[in-house]
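Worksheet for the structure shown next.
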Amino acid sequence: MLGLMMDQQLLVNQIIDHAARYHSDTQIVSVNTDGGQFRYDYGSAHSNILKLASSLIKLGLKKSDRVATIAWNNHRHFETYYAISGGGMVCHTLNPRLFPEQLIYIINHAEDKALFFDKTFLPLVEGVRKHLKTVEHFVLLEDTDNALRESNPWLSFYDELLAEGDENYSWPDNIEERDACSLCYTSGTTGNPKGVLYSHRSTLIHAMMSATPDVMNFSARDCLLPVVPMFHVNAWGTPYAAPMVGAKLVLPGPGLDGESLTKLFLAEKVTISAGVPTIWGGLLDYLDASNIKLPDMQRTIVGGSACPPAMLDRFRDDYGIEVLHAWGMTELSPLGTVNNLKNKHLELSADELRDLRILQGRPPFGIELGIFDEDANQLPNDGKSQGDLYCRGPWVVSEYFAGEGGDPLVNGWFPTGDVATLDEDGFMCIRDRSKDIIKSGGEWISSVDLENLAMGHPDIADAAVIAVLHPKWDERPLLLVVGKAGIQLDEASLLQYYEGKVAKWWIPDAVKIVDEIPRNATGKIRKNILREAHGNALM
Ligand code: AMP
């Protein structure tokens, strides 16, 4: 027997319809590429979105066509998200930090039909344009600029598309919840990037779940500033979750340095934010140096790579800001776990709480995690057994776009490539990427733990720990560090710093002082490059 309830499809455009209907005057503040500010509300954003969607159809774009964006977090980018997906096309966000060759590969692989981009990226687009096989429309996310048009006749201008649009446009009625709505490529450090194709349904339920109190905890009382870029796994779904609950939205544009963020946090009374650890390091240093507090800021979601415990302490002790440590992946839309306490934890001592809060957290409803050994046997959730982290749920990838890389699943689970432990409450602790873990004399050493400790050293600005070959132990840890400006690092004392903090045999065998730790387009350490350069340091 079927239930007798309305059969309404779960579509991304319903989010912005809802925001316009019930949160019409809630503000969106956007920093433009030239640094100026633009301020409007969900009601006005909605009418722009309808106009743009109608113009996209007039351009000849059809259902399921991929429409790419290369843009900062700003209001026009926000509008493209909804106009493209709502109109039935697929919003393909591109990371401008990729090498041009990777961008060309990805755009051609996705067969993007149109490309919307910010002025900052005009030189980048000019450089790759002649290699793009399928792009028919290049749209600058700006008002009309006649001088630019003269020198670049191939360009269209976003505001012209809006002006030609129809605000009485109604969404197409042939879109179903399992249709694709957006596309992101993984930042893979090896091999070709792979496309993860999200559906309306997966995006909508991911957003619903992320807004709940034990996940990101967004409400209509919040003012959210997503620092995480809209080109990195859809800014962790925040451009969907914020309008869904009617939170005020502050889109920070290109200025993600400590000073620019602090000004915005203060002026807009931001209550919640989200971003990777590197960004927060810059913010905390700026706040410390300028002796500024952020009285409205309550919490921030930190993920993308492990949050160093020292960062969590600084946020809490010096600024009264709660860090919600989260773990996710492009293949998970991206949310996998968030660290929020349970009722039984309210009695814990400060030290016990500190140990718990630094874990990557536990999965929300919708995500199931498992730890597996090398033969795909499931291990117990005892907080000790360490193995490959597998995952399944309605917002987890089942296949990569265009079948790239073959079937990613093992017995219906998605192997994440992370090595982790999981306790009986589902609290997960990432020990490493499976290919980065250090195996010394048959025992595992977590490079993440050693990096976290190094980042707590007052003189260290950045650190990486890699496995290097060793004649006796097969592999041993090597610490690579960048010192803070003007500081002369002493290698022996850096190693002494580990004493008493980890087992003796975990202490790295050597330290190398370097100018920079290489990172990929999403800020992750490129350990393969470090291993190539230093892999024989102990042989
Ligand atoms: P991406 O698909 O680019 O978002 O990368 C996903 C990978 O980032 C995960 O598989 C983890 O290795 C890493 N990652 C994300 N969040 C965390 C975290 N909180 N702690 C440790 N690693 C993380």
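Just to confirm a number: summing +1 for Lys and Arg and -1 for Asp and Glu over residues other than residue 539 whose beta-carbon lies under 15 angstrom from that of residue 539, what do you get?
0
Over the chain, with every protein chain in place, what whole percent of the accessible area is carbon and sulfur at 1.4 Å, could you tell me?
Answer for the chain is 50 percent, counting heavy atoms of protein chains only.
Could you give me the ³J(HN,Hα) list for segment 382-392, computed from phi with Karplus coefficients 6.51, -1.76, 1.60 and θ = phi - 60°, whole Hz, x at Gly and Pro?
10, x, 10, 4, 10, x, 6, 8, 10, 8, 8
Set the Förster distance to 35 Å, then compute FRET efficiency between residue 435 and residue 313 from the Cβ-Cβ distance, nearest 0.05.
Efficiency, from the Cβ-Cβ distance: 0.70.
Considering amide H positions built from the backbone, and no H for Pro or chain starts, which residues 5 or more places from residue 251, or on another chain, come under 5 Å of its amide H?
Answer set, sorted by chain and number: 29, 30, 31.
Determine the gain in length on full extension of the stretch residue 99-residue 278; use 0.36 nm per residue of separation and subtract their C-alpha separation, reporting nm with one decimal.
62.4 nm
Using the Cα gyration tensor of segment 13-255, with a ≥ b ≥ c the square roots of its eigenvalues, what is the shape: rounded (a/c below 1.5), prolate (a/b larger than b/c) or oblate (neither)?
Judged from the Cα gyration tensor, segment 13-255 comes out rounded (a/c under 1.5).
Dividing the alpha-carbon Rg of the chain by 2.2 N^0.38 Å yields what?
Rg over 2.2 N^0.38 Å, computed on Cα atoms: 0.98.
On the Cα set of segment 70-206, report Rg and Dmax in Å, please.
15.5, 47
So what is the 222 nm mean residue ellipticity for the chain from helices alone, if each DSSP H run of at least 4 adds -39500 (n - 2.57) and you divide by all residues, rounding to the nearest 500 deg cm²/dmol?
Here the helix-only value at 222 nm equals -8000 deg cm²/dmol.
To the nearest 0.05, what FRET efficiency results for residue 513 and residue 219 with a Förster distance of 45 Å applied to their C-beta separation?
E(calc), rounded to 0.05, equals 0.45.
Sorted from largest down, give the three principal axis spans of the alpha carbons of segment 438-534, whole angstrom values.
Here the Cα extents, ordered largest to smallest, are 38, 33, 20 Å.
Subtracting the Cα-Cα distance from 0.36 nm times the residue separation, let me have the gained length for residue 487 to residue 27 in nm, one decimal.
161.2 nm
In segment 98-141, what GluC sites (Glu not before Pro) fall in a loop by DSSP, with at most 16 other Cβ atoms inside 10 Å?
Passing both the DSSP loop test and the Cβ count: 111, 136.
Between residue 355 and residue 5, what FRET efficiency follows from the Cβ-Cβ distance if R0 is 60 Å, with the result rounded to 0.05?
0.85
Under 14 Å from the 7 Å Cα→Cβ point of residue 143, by amide nitrogen: which residues of segment 24-38?
Zone members listed by number: 32-38.
Could you go through segment 310-318 in sequence order and give the Karplus-derived ³J(HN,Hα) for each residue, using 6.51 cos²θ - 1.76 cosθ + 1.60 with θ = phi - 60°, rounded to whole Hz, and x for Gly and Pro?
4, 5, 4, 5, 4, 4, 6, 6, 8
Going by alpha carbons, how many degrees (0 to 90, nearest 10) lie between the helix axis of 75-86 and the longest principal axis of the chain?
The answer is roughly 70 degrees.
State the answer as a single residue: which of 78, 457, 107 lies farthest towards the positive end of the charge dipole of the chain, with beta carbon charges of +1 for Lys and Arg and -1 for Asp and Glu, about the Cα centre.
107
Taking amide hydrogens as modeled 1.01 Å from N in the peptide plane, which residues meet the under 5 Å criterion relative to residue 460, leaving out close sequence neighbours?
Close amide H contacts, sequence-distant or interchain: 484.
Given H placed 1.01 Å from N in the peptide plane, which residues other than close sequence neighbours of residue 26 have an amide H under 5 Å from its amide H?
Counting only residues 5 or more places away or on other chains, the set is 42, 43.
Distances longer than 11 Å among the Cα atoms of segment 422-461: what percent of all pairs is that?
70 percent
For residue 368, what is the net charge nearby, where nearby means another residue's Cβ is under 13 Å from its Cβ and Lys, Arg count +1, Asp, Glu -1?
+2
The values are calculated or read from the model by the stated rules, or taken from the named source; none is laboratory data. Remember, predicted model here, so these are calculated numbers, not experimental data. Every residue, glycine as well, gets a Cβ built from its backbone with ideal geometry; the counts of neighbours run over all protein chains shown. Ligands, DNA and RNA are stripped out before the accessible areas are found, and what is left, the full protein with its side chains, is counted by its heavy atoms. Shrake-Rupley method; radii C 1.70, N 1.55, O 1.52, S 1.80 Å.
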